[in-house]
Amino acid sequence: MHSPTPTETADAATDPLGRERSHLAASRAALTAMREDVEALDLRDVTGTWVSAQVLQKQVDERIKALADLAHTPLFFGRLDYLHAISEAESEGSGGERFYIGRRHVHDAGGDPMVIDWRAPVSQPFYRASRTEPMDVAKRRRFGYTGGELTAYEDENLSDPDESDSRSALLAAEIEKPRVGPMRDIVATIQPEQDEIVRADVTGTVCVQGAPGTGKTAVGLHRVAYLLYAHRERLARTGTLVVGPNRSFLQYIEQVLPALGELDVAQATVQELVGHVEVRGTDTAGTARIKGDARMAAVLRNAVRAGITLPAEPCVVVRGSRRWRVPAYELEEIVRELMGREIRYGAALEALPQRIAHAVLVKMEQGGEAPDDRVQDAVARNAAVKATVKACWPAVDPVKLVHRLLSDAEFLATAADGLLDADEQAALLWAKPPRSARTAPWSAADAVLIDEAADLVHRTPSLGHVVVDEAQDLSPMQYRAVGRRCTTGSATVLGDLAQGTTPWATGSWQEALHHLGKDGAHVEELTQGFRVPGEVIAYASRLLPAIAPGLAPATSIRDLPGSLALRHVPDGLDAAALDACREALDHEGSVGLIAADARIPALAAALTAAGLPYLDPGTETTADARLTLVPASLAKGLEYDYVVLDEPAAIVTGEPDHRTGLRRLYVSLTRAVSGLTVLHAEPLPAELD
């Protein structure tokens, strides 16, 4: 917070850029001092035990890490000049206050803020103020940077009725800036509709349908950073998690959160979440679709409870010289009551011996004895009680249960009765059942089934907030796996129905949210693109009627004539791809060569032979290595300044069905930020005409 003095006002008028650079240098020095103060802390006299000493030292180490100054990342990117004072310290004056908006809070030696965290309430007008609703802001200033050096600024006098609306040149330049390195954050360019999603209440689940280039992934990550700022104690206790489609994607985005001041956010793929078994096998598309169907939850519930048997014999407990008999009808009442309560199978298994023991204690009291809780626990461990429990409510191992379900046709038929038809049951069964669960060729879909079974036995712990990206590709059973990890928390669901590239891709967000267990979630649609050029998104949108007829075509604020090039190459496709990559590398920024998975080995060999170094998806680009060879199956969520797209027809035919192939092509066509070159020897898909 700062109220400019007359001297500063005069200096700003003669050398405004120099004054801002001085404030940047002073802020960096203050951040260094904050870090040095923490590093100088002596913990020897403030810790009681070695445990508390370790905990405190860990907190100090995390604080030091959080106070790191990222040299090539601007410490602040904006400034707000308020019309009136908004803090108590300045409330008596007639002037306003000035706040620099940045990635983290920085204060001077006296504790006065020099940079305000972008997530603080006072920073919100930077993203939402407009001339129609200035939010008491006289001036909004944006800063331009080259590397870590402040090079430009731009003002909007929001409270001046005589100033006309115009597009921010610095905002456009920041959006269009070439990328070398990991995925950039969008904290300096968040738009009002994005900011509403970022700052939505932690208790509510938000679903974002976002067309390519609308920044939905970045919005989701910034939402995590905001929630950790606004509800740090709550989420530190309950936990947060970002779920992505694959490890390459998570590596691609993992640098964003540290740039926003957040270091400890767990990341995982769905497969890693359900890693109960080693995945060694694969399913056909048809079998995977059945295993991912929500009906499998009911099948598994039936299978888990298949071993429950109503008792036919009494339970006789011998203690000393006396025998205590619980008749079969009384045992049956206990078992039926537990069956009707819909509690977890394992919880009921733990409760049953105690319930039987309680029945014995009642009889002991009626017989004139005075047993206490220790006696009840001893009775619950009695061999006769254990035998009754084992006969009525046998223990269930989730892995062995699913192994039996996929191996034993009779067991499957009983569990799936009225749920799956005979053909569907046959598709689930292994052609040659493995001898044990340990040697089974488990598939990714099988691991999700095991996770469902495990939750039926023992409740899965819930986190405070889960972000799931590229959610359109999840099956109903995968949604359930994610949803049970936020049953008492909230979620941010990100995706694009048009980019669903699995045979089980969701048909609507309402359906997806139902399986996630968040029926009441709000669905927000982002259709204005900030990354993909208008010419490119318009071309890709020709596919929408075939792949997602209910979606409105995306638009783009960026008009870049010549950003799309279509080249028919009858012969020498590999050589043409190399030439196109060289052309793209002549420009600043990253380059992605995207091709059908089957074409990757040939293109890799051609690049190596030509001496063109290339990276794998998810690997951080550098000034010396800016080209990435990307299989179409891994292109989702990635973006490059320039994209060379090899043989669209091969991308389409590389998928199990035509619609999925077209969706894969739609994803590949929309990865470019500055330019897209499409090379083809075969005719382009008819849907692109």
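Rounded to whole numbers, the Karplus 3J(HN,Hα) couplings from phi for segment 292-304 are x, 6, 4, 4, 5, 4, 5, 4, 5, 4, 4, 5, 4 Hz, using 6.51 cos²θ - 1.76 cosθ + 1.60 with θ = phi - 60°, and x at Gly and Pro.
Axis angle, to the nearest 10 degrees, between helix 216-230 and the longest C-alpha principal axis of the chain: 80 degrees.
Each other residue within a Cβ distance under 9 Å of ASP69 adds +1 if Lys or Arg and -1 if Asp or Glu, for a net charge of +2. Close amide H contacts of GLY144 (hydrogens built in the peptide plane, cut-off under 5 Å, sequence separation of 5 or more or a different chain): THR151, ALA152, TYR153.
If you average the sequence gap of Cα pairs under 8 Å that are 6 or more apart and divide by the length of the chain, what percent do you get for the contact order? It comes to 13 percent, rounded to a whole number.
Computed from Cα positions, the angle between helix 398-407 and the longest principal axis of the chain comes to roughly 80 degrees. Across segment 657-665, coupling constants 3J(HN,Hα) worked out from phi with the 6.51/-1.76/1.60 Karplus curve, θ = phi - 60°, read 9, 5, 5, 4, x, 5, 5, 4, 5 Hz, and Gly and Pro carry x. Note on the chain: with neighbouring protein chains present and a 1.4 Å probe, carbon and sulfur make up 51 percent of its accessible heavy-atom surface. Look at the alpha carbon pairs under 8 Å that are at least 6 residues apart: their mean separation over the length of segment 373-477 gives a relative contact order of 27 percent. When you count the other C-beta atoms within 10 angstrom of each residue and take the mean per peptide, 425-435, 384-394 line up highest first as 384-394, 425-435.
In order along segment 459-467, the Karplus-derived 3J(HN,Hα) couplings, from 6.51 cos²θ - 1.76 cosθ + 1.60 at θ = phi - 60°, round to 4, 6, x, 9, 9, x, 7, 10, 9 Hz, and Gly and Pro are given as x. For mean projected area of the Cα convex hull in nm², several values are listed as (1) 30.0; (2) 41.2; (3) 32.7; flag the one computed from this structure. So the calculated entry is the one marked (2). Entry note, segment 462-621: relative contact order of 16 percent, from Cα contacts under 8 Å with a spacing of 6+ residues. What's the angle, to the nearest 10 degrees (0 to 90), between helix 328-340's Cα axis and the longest principal axis of the chain? Orientation of helix 328-340: about 10 degrees from the principal axis.
Take the chain with all the other protein chains still there, run a 1.4 Å probe, and you get 44 Å² of accessible area per residue.
Modelled label-to-label distance, ARG319 and GLN366, 7 Å Cα→beta-carbon offset: nm? Taking the simple label geometry, ARG319 and GLN366 are separated by 1.5 nm. The protection proxy used here, the mean number of other Cβ atoms lying within 10 Å of each residue, ranks peptides 155-161, 493-499, 439-445 as follows, highest first: 493-499, 439-445, 155-161. Annotation: extensible slack from ALA298 through ALA575 equals 94.3 nm (criterion: 0.36 nm per residue apart, minus Cα-Cα distance).
With R₀ fixed at 45 Å, the C-beta to C-beta distance from ALA538 to ASP423 puts the FRET efficiency at about 0.55. Sorting 366-376, 633-643 by their mean Cβ neighbour count within 10 Å, with the most densely packed peptide first, gives 633-643, 366-376.
The values are calculated or read from the model by the stated rules, or taken from the named source; none is laboratory data. Not measured: the values here are computed from a predicted model. Every residue, glycine among them, receives a Cβ derived from its backbone with ideal geometry; neighbour counts consider all protein chains shown. Surface accessibility is based on the protein's heavy atoms, side chains included, excluding ligands, DNA and RNA. Shrake-Rupley method; radii C 1.70, N 1.55, O 1.52, S 1.80 Å.
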